[in-house]
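What follows is calculated from the coordinates using simple rules that are stated; it is not laboratory data. Worth saying up front: this structure is predicted, and the values here are computed from it rather than measured. Virtual Cβ from ideal backbone geometry, glycine too; neighbours counted across all protein chains shown.
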Amino acid sequence: MRVPPPTAVALICALALSVVGGSAHAAEITVCSSGCDHTSIQDAVDAATSGDTILPGAETFFENVRIEKDLIIRGSGPVQTIVDGSGSWGSVFEIWGDLPRVTLAGMTIQNGRAPHVGGGVGHHIGRLEIDDCIIRDNRAHHSVGLSRAGGGVGSVGNIRISNSQIVQNFADEGGGVFVFCWLFGGPIEIVNTTISENRADMGGGVMVGDRCSDTLIRDSVVSTNTALYRGGGLFLGGSVTISNSTIANNEGGGLHSSRGAELQWCEITRAEITIANSTFAGNYPDGLFVEGYRFSSSLRNSIVAGNDGVQCAGSVEAVMSNGYNLSSDSSCGFTMRTDMENTDPLLLPLADNGGPTPTCALRSDSPAIDAGGRACGPTDQRGVSRPYDGDGHGGARCDIGAFEYAPVLLDVIPQVYDMVLELAGADHDLVAPLHQAIQIREDGDPSNDAEAVTSLQAFIAEVEQQRGLTLTDAEAGELIAEAQRIIALLNFGGAAGDGR
């Protein structure tokens, strides 16, 4: 075998390194006020090589950062690491350059003031991933000829937002998130994320433009957002899939689907919104609004109910049922054999029912329990296993909507049990009442909820006895809070007390 000369070997190695973008030499660069590689994130970005990871410490950084290379910026957590734009003119993070791939993780991004796109994060090119972040109190204002903004995040597309909170941002369009896709069609992913209390003229929570394709909203909640005109929760163009999500309590409507969001950017093509295993409730003036031609919405195993006005409005002939849907009036045209119209799903208010995002739980007597199909995915919005025999009649079927009744109690009580074992040990007096509550719930009969509440109340009393003895104040407080949350669920379920 002929061996290549040393110069050829060196050339091959150099080419290989260039292909992988120099990742073999990727470095971690620390940032803090004292004792780190740099004292500002921007200085670290400027000094970094493409592929490096920047690690801001647990403190607040007052700056606006411009990124033009492949980088990961990972803080110590959204409570510990805060990047504050100080209300100065510009995005807190702004991404430009030659198709960079950027990840922002583990931080709070706040007080940005952008002139047009992305008060918190302005994503102008390349791929962006946002994970485990809080993006709050950012603004993007109208500028001449450009009103598409994104108070929290403004993006050209090719973006993933996961395990995050986007709250209390403001813009002309897309108060929380605005994606306009003038260069990239997608993918756009919003997963395990809360989008809440944002405001805009259109698209209070999220606005996605016509040209966008391959958009996914999954295991998320869009709630309490406001739009002055349309799309309080969501204003969507392009092709979108919404799965295992809750759209609730938005002013300006839950979801407004339209082919008119960005007509100047693209030719009109047919688009579709596909909705599965989701809940639309408490929105004003409607749950779903379909506008324009060449647009259709299909729903399966979903609830559109309790919205303040009609449940579905606009071109309702474009709303198609794929079965197992429930509406509190007849405006959606849910007329398949497995659908339910003019039916109250008996939803509880939006609350923390376990999992990463709030949900609207089902009362124990809800007609949505075990009324769905068998193909609803392995978990509900919270990550609780489904299907489950929630009505106790034999045979597990999916519940309609984003919430699966009963498994939360089977999953959460053992979590508290594990906390007790870790804090106090298996022989502790706390174990007995909690173990009894687990056994009561495992029989799957909601009529025994009152007995489970009694056991949990005994558990709380024992925790109070142990406060300051075998448990610290913090440990006792955590256990009591979890037990009280389970009691609230049981009482709301209607099987114990007058909580329904």
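Quick notes on this structure:
- Which of 132, 308, 137 has the fewest Cβ neighbours within 10 Å, and the rest in rising order: 308, 132, 137
- Candidates per GluC sites (Glu not before Pro) in the stretch 57-158, loop by DSSP, up to 14 other Cβ within 10 Å: 59
- Relative contact order for the stretch 350-404, counting Cα pairs under 8 Å that sit 6 or more residues apart, in percent: 36 percent
- The distance between label points at residue 472 and residue 46 comes to 4.2 nm (points 7 Å beyond Cα on the Cα→Cβ vector).
- Based on Cα contacts under 8 Å between residues 6+ apart, the stretch 24-269 shows a relative contact order of 10 percent.
- Residues whose amide H lies under 5 Å from that of residue 379, counting only those 5 or more places away or on a different chain, are 386; hydrogens are built 1.01 Å from N in the peptide plane.
- Residue 62/residue 315 FRET efficiency (R0 45 Å; Cβ-Cβ; nearest 0.05): 0.40
- On full extension, the segment bounded by residue 229 and residue 25 gains 68.3 nm, given 0.36 nm per residue less the C-alpha separation.
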